[in-house]
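Visitor: Got a structure for you, written out below as structure tokens; questions coming shortly.
The values are calculated or read from the model by the stated rules, or taken from the named source; none is laboratory data. Here the structure is a predicted model, which means the values were calculated and not measured. All Cβ positions, glycine included, derive from the backbone under ideal geometry; neighbour counts span all protein chains shown.
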Amino acid sequence: MADYDLLTVVGQIGSIGTAIGTIALVFLFWKTIQQLEETVKLSKIQANYRFRPWVGPFNRIEFLSSTADGHDQFSITVKNYGEIPSSSVIAKYVMKNELPKREVSKSNDVTSFNLGPLLPNMEKRYWFFIDSDLIKKAKAGSAQIFTLLYFQYEHLGGNSGYGLISRYDSMTDSFVHVDMWID
């Protein structure tokens, strides 16, 4: 009879050990699933922000030349810093005598030009013109010139944009960026 009691006790201890092991295994599976959920969230964030185009200026606004029709030609280079191409980049330009608001880039008062697709690490130049007499007035200190440039670009995740507002500085004979933003 003592052997029977010993086997019963060993069997009960084995059952309790199996139950504890099962609980521990379920807990480990639950923690593993939580970790996989966090990994999926991070992968989604990475896909939305890293694996997309990032279009922005590569350098400053440069003076190119004066034209025969009384305008000065300027240029800015934009680059796709992202890891995937942008299917279409549209450059929008506005010139004002006072500081423009960001919302002007969404209005109908802008000059738009389709730069076309932009591959990763690819650069394209956008040219714009300002009246030469207005530049002379700004150099003399009797006028101010502000430009708003906005680069709208498409990708698989939707539309994005990069905008910058610049002021002509007569002391340095160049444009100084006053405001920059990303949509």
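Visitor: Within segment 36-46, identify whether any single residue is within 30 Å of TYR150 (Cβ to Cβ), modelled with pLDDT under 90 and not in a helix (DSSP H, G or I), and answer yes or no.
Guide: no
Visitor: Checking the structure you have, find out if any residue of segment 107-122 is in contact with a His (Cβ under 7 Å, 6 or more places away or on another chain), assigned by TED's automatic domain parsing to the domain that holds THR67, outside any strand (DSSP E or B) and not β-branched (Val, Ile, Thr).
Guide: Within segment 107-122, none of the residues are in contact with a His (Cβ under 7 Å, 6 or more places away or on another chain), assigned by TED's automatic domain parsing to the domain that holds THR67, outside any strand (DSSP E or B) and not β-branched (Val, Ile, Thr).
Visitor: Across segment 143-183, which residue is nearest to the chain's Cα centre (by Cα) among those that are assigned to a loop (DSSP other than H, G, I, E, B) and surrounded by 15 or more Cβ atoms within 10 Å (Cβ to Cβ)?
Guide: ILE145
Visitor: Can you confirm whether segment 66-83 contains a residue that is assigned to a strand (DSSP E or B), of a type in the set (A, V, I, L, M, F, W, C), under 24 Å from the mean Cα position of the chain (by Cα) and surrounded by 11 or more Cβ atoms within 10 Å (Cβ to Cβ)?
Guide: Within segment 66-83, one or more residues are assigned to a strand (DSSP E or B), of a type in the set (A, V, I, L, M, F, W, C), under 24 Å from the mean Cα position of the chain (by Cα) and surrounded by 11 or more Cβ atoms within 10 Å (Cβ to Cβ).
Visitor: Please go through segment 47-65 and give me each residue that is closer than 25 Å to VAL104 by Cα, touching an Asp or Glu at 6+ places or on another chain (Cβ under 8 Å) and assigned to a strand (DSSP E or B), ordered by number.
Guide: PHE63
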